[in-house]
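The structure appears below as structure tokens.
The values are calculated or read from the model by the stated rules, or taken from the named source; none is laboratory data. Treat the numbers as computed from the prediction; the structure is a model and nothing was measured. Glycine also receives a Cβ, built like all others from the backbone with ideal geometry; neighbour counts cover every protein chain displayed. These area figures cover heavy atoms from the full protein model, side chains too; ligands, DNA and RNA do not enter into them. Shrake-Rupley method; radii C 1.70, N 1.55, O 1.52, S 1.80 Å.
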Amino acid sequence: QVHLVESGGGLVQAGGSLRLSCVASGSIFRINAMGWYRQAPGKQRELVAVITSGDGTNYIDSVKGRFTISRDNAKNTVNLQMNSLKPEDTAVYYCNANIFTTTYWGQGTQVTVSS
């Protein structure tokens, strides 16, 4: 069993920054890709950023230049540094981790950006 726990969400004014962290625990041998998704009210969950086991990264266009994803394989963590936040970034943010053929999800953390 693998558990993912996110932290770092909160309320911030537009232009501000937040850093999300996600720690994976449990029966982990090797984590492949890790990612951050978000879901705003009334919208589908979307991929925000992904990082491979080789530290390759990819972002959705709307966050390029503002968000940075990173990981620490020794600590089984993935982080999302979010700068220059906008009200449209408001959503519940979820981390996920791919281990063998299974994808695991965290419970989500709320990010609210006020204008």
When segment 88-115 is checked residue by residue, the ones that are open to solvent by 60 Å² or more (accessible area, probe 1.4 Å), closer than 15 Å to Pro41 by Cβ and in contact with a helix residue (DSSP H, G or I) (Cβ under 9 Å, 6 or more places away or on another chain) are Glu88
If you take the residues in segment 28-69 that are modelled with pLDDT of 95 or more and of a type in the set (D, E, K, R), which one is nearest to Gly106 (Cα to Cα)? Arg38
Can you find, within segment 47-87, the residue that is nearest to Ser27 (Cα to Cα) among those that are touching a residue at least 40 places away in the same chain (Cβ under 8 Å) and either assigned to a loop (DSSP other than H, G, I, E, B) or open to solvent by 90 Å² or more (accessible area, probe 1.4 Å) (or both)? Asn76
Could you check, for segment 74-83, whether at least one of its residues is farther than 17 Å from Leu20 by Cα and of a type in the set (Ser, Thr, Tyr)? no
Mind listing whichever residues of segment 20-46 are surrounded by 14 or more Cβ atoms within 10 Å (Cβ to Cβ) and not in a loop (DSSP other than H, G, I, E, B)? Leu20, Ser21, Cys22, Val23, Ala24, Met34, Gly35, Trp36, Tyr37, Arg38, Gln39
